[in-house]
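Trainee: Before we start, here is the structure in question, set down as structure tokens.
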Amino acid sequence: MALRMLLPYIGCMEQAQTLDRPLIDPFGRAISYVRVSVTDRCDFRCVYCMSENMSFLPKRDLLSLEELDRLCTAFIARGTRKLRITGGEPLVRRDILSLFRSLSRHLDSGALEELTLTTNGSQLARFADDLAACGVRRINLSLDTLDPGKFKDITRWGDFAQVERGMEAALKAGLKVKLNVVALKGVNDDEFPAIIRYAHQRGMDVTFIEVMPLGEITIARDDQYMSLTEVRRHLARDFTLTESGHRTGGPARYMRCAETGGRIGFITPLSHNFCESCNRVRVTCTGTLYMCLGQNDAADLRTPLRASADDGPLMAAMDAAILRKPKGHDFVIDRAHAGPAVARHMSVTGG
Ligand code: SAM
Ligand code: SF4
């Protein structure tokens, strides 16, 4: 048969291979974890994340919830086992539960191992039971202080009591809650032992995070930044910490605390970068794929998604993007590097 006549079949075979081949980057890292930011908007204005006056994307630029579902489904078909819904504040996106409901079919089929959420907790009291019913088992709750006044200072608009009610509702609904605490020099560094005790008494893990230089904010980053190596040294005065092999598929390294019996995680993008084992990519609410949180390179997935009801163009764009996943980020925070490493705020790419 002439080669010309075989070409359409070869094209189909190539596409069929692409449609279920795992996404593996040039450094051999398989992409099994996708974080999807469903909105860049938020009901808080945390001082390390946003400036007080933010301009947000026009609604017409956002992917619809159906489009987000299709995008997530395409990643799951290509090997994503863990999906984290984030933002901005994901629970302020209108009708967000319908996305969780539709994605839960991938948990039922076994294609997806875990569907999780990162939230500031403000809306959790309303949503906790429904999230649990959708198959969400674990959530990350951001809580940087136990002091209501300080909470207001850090979040600008948040209400500590409301978040605490959300946390209690989540625990009551049977969700495993992990507290995320951004370590902020001179702001919450005196509270870490108290936060650990608070979390562990309620059966929650707690993870400390180094502040990252993402986006212009009002405060100089090097005034906020503290290395978690220093935090660990301070914690050793109150607690006996031993290495724990526990992993959640994310970047945290865990230690076991003998006094409380609980776990403490450390996410150290600056002091010990963990890029060599990076299995993640991030998609924004406009369908922009960031192959690395700390780099500017991105791929537009919205255009191929909307170009065809067939997933071929989308899959081809995902393949091309993963081939460009960089080895790692170049974060530095010191006097000479007080500005952002990338212009986007964390609320755009999602954490
Ligand atoms: N609004 C939700 C929340 O706060 O949990 C989800 C989105 S928020 C961007 C995700 C996580 O990123 C939060 O734990 C937050 O504390 C963290 N975060 C925000 N800006 C950060 C920065 N510049 N450096 C390190 N962590 C940051
Ligand atoms: Fe909102 Fe989360 Fe950013 Fe705080 S950290 S402003 S809650 S997106």
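Trainee: Yes or no: residue 56 among the aromatic types (Phe, Trp, Tyr) and in contact with a helix residue (DSSP H, G or I) (Cβ under 8 Å, 6 or more places away or on another chain)?
Mentor: On the way: among the aromatic types (Phe, Trp, Tyr): yes; in contact with a helix residue (DSSP H, G or I) (Cβ under 8 Å, 6 or more places away or on another chain): no.
For residue 56, the condition - among the aromatic types (Phe, Trp, Tyr) and in contact with a helix residue (DSSP H, G or I) (Cβ under 8 Å, 6 or more places away or on another chain) - is not met.
Trainee: Do we have residue 256 as open to solvent by 20 Å² or more (accessible area, probe 1.4 Å), in contact with a Ser or Thr (Cβ under 9 Å, 6 or more places away or on another chain), over 28 Å from residue 298 (Cβ atoms) and not in a loop (DSSP other than H, G, I, E, B) here? Show your work before the answer.
Mentor: Details: open to solvent by 20 Å² or more (accessible area, probe 1.4 Å): yes; in contact with a Ser or Thr (Cβ under 9 Å, 6 or more places away or on another chain): yes; over 28 Å from residue 298 (Cβ atoms): yes; not in a loop (DSSP other than H, G, I, E, B): yes.
Yes, satisfied.
Trainee: Exactly one of these conditions fails for residue 155: (1) modelled with pLDDT of 95 or more; (2) within 10 Å of ligand 1 (Cβ to nearest atom); (3) open to solvent by 10 Å² or more (accessible area, probe 1.4 Å). Give me its number.
Mentor: Tallying (1) modelled with pLDDT of 95 or more; (2) within 10 Å of ligand 1 (Cβ to nearest atom); (3) open to solvent by 10 Å² or more (accessible area, probe 1.4 Å), residue 155 fails exactly one: (3).
Trainee: Would you check which residues across the stretch 256-270 are out of contact with any Lys or Arg (no Cβ under 7 Å at 6 or more places or on another chain) and either free of Cβ contacts under 8 Å to residues at least 60 places away in the same chain or over 28 Å from residue 82 (Cα atoms) (or both) and list them?
Mentor: 258, 259, 268
Trainee: Which pairs turn up if I take residues in the stretch 177-201 that are touching a residue at least 60 places away in the same chain (Cβ under 8 Å) and look for partners that are in a helix (DSSP H, G or I) with beta carbon separation below 7 Å, at least 6 apart in sequence or on another chain?
Mentor: Here the result reads 184/224, each pair linking the stretch 177-201 to a residue that is in a helix (DSSP H, G or I).
Rundown of residues vs (1) among the basic types (Lys, Arg); (2) over 27 Å from residue 158 (Cβ atoms); (3) in contact with a His (Cβ under 7 Å, 6 or more places away or on another chain), yes/no style:
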residue	(1), (2), (3)
43	no, no, no
50	no, no, yes
68	no, no, no
71	no, yes, no
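Trainee: Output the residue which, of all residues in the stretch 62-88 that are small (Gly, Ala, Ser) and part of a helix (DSSP H, G or I), is least open to solvent (accessible area, probe 1.4 Å). Full working, then the answer.
Mentor: Kept after step one, since they are small (Gly, Ala, Ser), are these residues of the stretch 62-88: 64, 74, 77, 79, 87-88.
Next, only the ones that are part of a helix (DSSP H, G or I) stay: 74, 77.
Working: 74: 2, 77: 52 Å².
Checked the stretch 62-88; the qualifying residue least open to solvent (accessible area, probe 1.4 Å) is 74.
Trainee: Out of curiosity, is residue 98 more than 21 Å from residue 322 (Cα to Cα) and free of Cβ contacts under 8 Å to residues at least 24 places away in the same chain? Break it down stepwise before answering.
Mentor: Working: more than 21 Å from residue 322 (Cα to Cα): yes; free of Cβ contacts under 8 Å to residues at least 24 places away in the same chain: no.
No, not satisfied.
Trainee: Look at residue 76 and say whether it is within 16 Å of ligand 1 (Cβ to nearest atom) and either of a type in the set (A, V, I, L, M, F, W, C) or farther than 25 Å from residue 178 by Cβ (or both). Step through it out loud before you land on a result.
Mentor: On the way: within 16 Å of ligand 1 (Cβ to nearest atom): no; either of a type in the set (A, V, I, L, M, F, W, C) or farther than 25 Å from residue 178 by Cβ (or both): yes.
Here the answer is no, as residue 76 does not meet what is asked.
The values are calculated or read from the model by the stated rules, or taken from the named source; none is laboratory data. None of the values given here were measured: they were computed from a predicted structure. Because the Cβ atoms are built from the backbone with ideal geometry, glycine has one as well, and the counts that use them run over all protein chains shown. These area figures cover heavy atoms from the full protein model, side chains too; ligands, DNA and RNA do not enter into them. Shrake-Rupley method; radii C 1.70, N 1.55, O 1.52, S 1.80 Å.
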